[in-house]
Structures are given as structure tokens and as C-alpha cells.
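**Student:** One structure follows; several queries about it will come next.
The values are calculated or read from the model by the stated rules, or taken from the named source; none is laboratory data. Not measured: the values here are computed from a predicted model. Because the Cβ atoms are built from the backbone with ideal geometry, glycine has one as well, and the counts that use them run over all protein chains shown.
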Amino acid sequence: MGWMILTAIAMWALQLVLGLWQFRRFNAHVRKLRASCGRVAIGKAKGGFRSGAVVLICIDGENRILRAETMSGRTVFASFRSLAGLEGKFLPSLTEADCVSLGRQVRTAVLNARQDYENYRELQKERRSAAVSG
């Protein structure tokens with residue numbers, strides 16, 4: 001009975017360490033992209049029983065996509081890969097039709113990045129107008 005509890009604790013600790021390692025790798029990659037191209041929109045699609053996906057989209061000052069990368073998989077060992085086909089497109093006007101060649105989870109993550117970026121822009125507008133009137 002004691003060995004089962006020790007095994008469970010060891011597995012939990014391993015999961016914690018690997019999760020932290022993946023989080024640190026993700027943050028380092030986002031910092032690298034921000035240093036190289038400035039603004040980065042981040043989208044996610046939770047997997048559940050499927051593999052999830054995270055998308056990083058680098059955009060310029062006019063919100064055109066410079067570069068996109070995706071990380072999808074079920075394990076902490078998944079790594080970022082280039083995502084072709086989105087370069088030059090206008091992020092706020094991306095539609096599902098623009099992402100038809102992508103897998104379902106990656107498509108969901110791209111559209112999530114677009115929506116999160118739009119929400120961020122709206123929040124910035126509200127803050128600016130509150131600062132001016134307040």
C-alpha cells in the first residue's frame with residue numbers, strides 16, 4: 001500500500017516538473033518572437049482527449065501577419081513549428097475560410113488568437129477614452 005502512495009506522489013511530482021519545463025520553454029519562445037517582430041497574438045484550443053494546439057502569430061504595425069507558429073500535441077515534448085499560409089493576411093479579418101487548410105484544433109487556435117487580439121484592442125480603446133475623460 002505504501003509503495004502505491006509513493007508511486008502516485010512521484011508521478012505527480014514528475015508531472016509538475018515537466019509542466020513547469022514546458023511553461024518555461026513556451027515563455028522563452030514568446031519572448032524570442034516578441035524580440036524579433038514586436039507584437040504577438042496568442043491563440044489556444046484545448047484538446048481534452050484530442051491533442052490541443054497553441055498558435056503564436058507575429059503581426060506588424062498594420063496588423064498584417066508576418067509569421068505564425070503552432071505547437072500541437074498531447075505531451076510536454078511538443079515543439080513549435082512554422083505555420084505556412086497566413087503570412088501577409090490581415091489578422092482582424094481572418095475567417096474560417098482563410099484557415100481551411102489547417103487542422104481543426106490549429107484552426108480553432110488561430111481564430112482564438114484573432115478574437116483575443118480584438119478583445120485586447122477594444123480594452124485598449126476603452127482605457128484610452130477613460131484616461132482622456134477621467
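**Student:** For the range 26-50, what are the residues that are over 25 Å from residue 89 (Cβ atoms) and in contact (Cβ under 8 Å) with a residue 40 or more places away in the chain? It would help to see each step written out before you state the result.
**Tutor:** Going through the range 26-50, the residues over 25 Å from residue 89 (Cβ atoms) turn out to be 27-28, 47-50.
The answer is 47, 50.
**Student:** Tell me whether the range 79-90 contains one or more residues that are under 15 Å from the mean Cα position of the chain (by Cα) and either small (Gly, Ala, Ser) or in a helix (DSSP H, G or I) (or both).
**Tutor:** yes
**Student:** Among 65, 42, 57, which is the only one that is in contact with a strand residue (DSSP E or B) (Cβ under 8 Å, 6 or more places away or on another chain), surrounded by fewer than 17 Cβ atoms within 10 Å (Cβ to Cβ), among the β-branched types (Val, Ile, Thr) and modelled with pLDDT of 90 or more?
**Tutor:** Numbers: 65 fails: surrounded by fewer than 17 Cβ atoms within 10 Å (Cβ to Cβ); 57 fails: surrounded by fewer than 17 Cβ atoms within 10 Å (Cβ to Cβ).
Within the list 65, 42, 57, the selection yields 42.
**Student:** Follow-up. For the range 92-134, give me each residue that is in a loop (DSSP other than H, G, I, E, B) and within 16 Å of residue 71 (Cα to Cα).
**Tutor:** Our first condition is that a residue be in a loop (DSSP other than H, G, I, E, B); within the range 92-134, this holds for 94-95, 100-103, 134.
Matches in the range 92-134: 102, 103.
**Student:** Being surrounded by fewer than 13 Cβ atoms within 10 Å (Cβ to Cβ) and modelled with pLDDT under 85 is the filter here; which residues of the range 68-99 pass it?
**Tutor:** Within the range 68-99, 74, 75, 77, 79 meet the criteria.
**Student:** Then there is this: Counting only residues that are charged (D, E, K, R), give me the strands (runs of 3 or more DSSP E) lying completely in the range 1-73 with at least 2 of them.
**Tutor:** Correct list: 39-45, 65-73.
**Student:** Can you tell me which condition residue 58 does not meet? The list is (1) within 13 Å of the chain's Cα centre (by Cα); (2) under 26 Å from residue 18 (Cβ atoms); (3) of a type outside the set (Lys, Arg), and all the others hold.
**Tutor:** (2)
**Student:** Would you point out which residue out of 102, 111 is in contact with a helix residue (DSSP H, G or I) (Cβ under 9 Å, 6 or more places away or on another chain), among the hydrophobic types (A, V, I, L, M, F, W, C) and over 18 Å from residue 59 (Cα atoms)? Write out each step before concluding.
**Tutor:** On the way: 111 fails: over 18 Å from residue 59 (Cα atoms).
Criteria check complete, one pass: 102.
**Student:** Cβ-Cβ distance below 6 Å, separation of 6 or more or different chains: which pairs start in the range 99-114 with a residue that is within 10 Å of residue 53 (Cα to Cα) and end on one that is of a type outside the set (Gly, Ala, Ser)?
**Tutor:** From the range 99-114, the pairs are 106/70; 107/99; 109/44; 109/55; 110/55; 110/99.
**Student:** Which residue out of 102, 111 is closer than 21 Å to residue 26 by Cα and in contact with a Gly (Cβ under 9 Å, 6 or more places away or on another chain)?
**Tutor:** On the way: 102 fails: closer than 21 Å to residue 26 by Cα.
Of 102, 111, the one residue that is closer than 21 Å to residue 26 by Cα and in contact with a Gly (Cβ under 9 Å, 6 or more places away or on another chain) is 111.
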